[in-house]
1. Within the range 331-345, count every residue that is farther than 14 Å from residue 400 by Cβ and not in a strand (DSSP E or B).
2. Restricting the range 388-416 to residues that are over 15 Å from residue 326 (Cβ atoms) and crowded, with 16+ Cβ neighbours inside 10 Å, which is modelled with the lowest pLDDT?
3. Going by what's in this entry, would residue 151 be described as farther than 30 Å from residue 59 by Cβ and touching a helix residue (DSSP H, G or I) at 6+ places or on another chain (Cβ under 6 Å)?
4. State all residues of the range 355-377 that are farther than 19 Å from residue 421 by Cβ and surrounded by 24 or more Cβ atoms within 10 Å (Cβ to Cβ); if no residue qualifies, say none.
5. Counting only residues that are surrounded by 10 or more Cβ atoms within 10 Å (Cβ to Cβ) and at positive phi, how many does the range 109-148 have?
6. Exactly one of these conditions fails for residue 295: (1) modelled with pLDDT of 75 or more; (2) in the same structural domain as residue 404 (by TED's automatic domain parsing). Give me its number.
7. Among the residues of the range 66-89, write down those that are more than 16 Å from residue 112 (Cα to Cα) and surrounded by 14 or more Cβ atoms within 10 Å (Cβ to Cβ).
8. Quick check, is residue 151 within 18 Å of the chain's Cα centre (by Cα), closer than 24 Å to residue 250 by Cα and surrounded by 15 or more Cβ atoms within 10 Å (Cβ to Cβ)?
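The values are calculated or read from the model by the stated rules, or taken from the named source; none is laboratory data. Quantities reported herein were computed from a predicted structural model and do not represent experimental measurements. Quick reminder, even Gly has a Cβ in these numbers, built from the backbone with ideal geometry, and neighbours come from all protein chains shown.
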């Protein structure tokens with residue numbers, strides 16, 4: 001062999017050695033029995049070994065999975081080539097490195113001599129992929145378990161993805177929703193506004209918008225929802241898809257509706273109360289000859305009205321029990337020398353009837369204490385009532401009877417006073433009928449009025 005050729009071969013071998021030792025890819029040569037014959041720094045240094053701790057040892061000592069290295073050696077012994085075979089190597093500190101192995105086999109005279117292995121460390125990539133999978137799994141779990149409904153829609157408003165909460169709010173299975181668009185769920189009266197806003201969002205005029213509207217569910221329910229629609233854009237800034245977060249606000253809407261009704265009712269009641277006070281003052285003034293007399297008559301009537309309001313307030317203005325009204329009006333006149341009888345079923349009167357009857361019963365009790373059976377020793381008052389479920393002339397009505405006995409001899413009044421007018425007005429306000437008789441034994445007063453199922457309750 002001439003000198004130039006020898007020099008060329010030596011230079012070539014030197015280049016191969018330099019490539020082997022200084023390459024960025026891990027390289028090692030393994031004998032047929034699995035012993036590492038040679039390795040470069042990129043192969044053993046990532047595992048934390050020095051060359052003399054690595055070369056000369058069996059390759060299986062560095063593999064974390066015995067069955068994997070057995071499979072690798074078996075394939076190589078059959079002459080198979082490995083291409084990016086995944087494996088796990090155990091580093092000197094006990095940590096695990098993920099690698100991909102590519103190798104070719106050298107046979108001589110049909111005998112497996114050695115194999116050349118290229119090892120690419122993919123630990124960071126595997127860790128990144130694992131972290132990404134975990135993040136995706138966590139996001140998917142959060143997506144499905146968040147209380148708000150979430151739906152993703154394309155530029156035509158058709159659903160691409162929905163979570164379980166969205167299905168619950170819409171009252172439809174996921175498969176049905178993915179075959180429809182968000183406008184298909186919307187109440188007809190609320191479609192146009194949402195359509196216009198979404199079109200602006202797709203055109204890029206707005207990035208997001210908020211709307212309150214109604215859904216129509218297959219079960220007939222019409223829930224109110226609050227929708228916050230936001231935009232996801234591609235790298236070019238174009239509309240990619242919309243994210244619609246949906247909250248069921250039916251309870252809030254119902255509360256707002258009830259609050260409005262309560263405010264309207266409060267306004268109505270305040271006006272009615274002021275009108276009642278004005279009427280009490282005017283009627284009392286007509287029958288009073290002096291300011292002192294007016295005060296003496298007006299104040300008890302005003303207090304009676306106040307007590308009636310207190311009763312309704314205790315019951316949240318849902319009504320008052322007729323028995324409670326009668327007992328409270330007669331309570332000041334309860335004494336051993338007077339006999340009071342109160343008898344009838346529990347009957348919850350609506351607010352209007354409660355106020356009217358409170359004032360009427362106050363006038364009856366006051367008149368009985370001044371001029372009737374409660375003004376003398378041994379006098380008695382009986383108050384009884386009945387509920388007629390099918391009585392004529394009313395489909396469901398109440399009869400109240402006030403009977404006085406043992407009082408002074410009754411003489412018809414010279415003129416009609418405020419009390420008489422109030423009793424007549426009470427009957428008119430309740431759409432009822434009043435009868436009264438001034439018998440020698442005392443006043444016999446009867447009132448019949450209808451009950452409305454929507455305004456009153458009856459407890460037998």
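1. Initially, the range 331-345 is screened for residues farther than 14 Å from residue 400 by Cβ, giving 331-340.
Subset that is not in a strand (DSSP E or B): 331-338.
Qualifying residue count for the region: 8.
2. First pass over the range 388-416, keeping only residues over 15 Å from residue 326 (Cβ atoms): 388-397, 405-416.
Next cut, crowded, with 16+ Cβ neighbours inside 10 Å only: 394, 397, 405-407, 410.
Details: 394: 54, 397: 86, 405: 90, 406: 87, 407: 83, 410: 70.
Here the answer is 394.
3. On the way: farther than 30 Å from residue 59 by Cβ: yes; touching a helix residue (DSSP H, G or I) at 6+ places or on another chain (Cβ under 6 Å): yes.
Criteria met by residue 151.
4. 373, 374
5. Count: 0.
6. Unmet for residue 295, out of (1) modelled with pLDDT of 75 or more; (2) in the same structural domain as residue 404 (by TED's automatic domain parsing): (2).
7. Looking only at the range 66-89, we keep the residues that are more than 16 Å from residue 112 (Cα to Cα), and these are 66-69, 83-89.
68, 69, 85, 87, 88, 89, listed by residue number.
8. Numbers: within 18 Å of the chain's Cα centre (by Cα): yes; closer than 24 Å to residue 250 by Cα: yes; surrounded by 15 or more Cβ atoms within 10 Å (Cβ to Cβ): yes.
Yes, satisfied.
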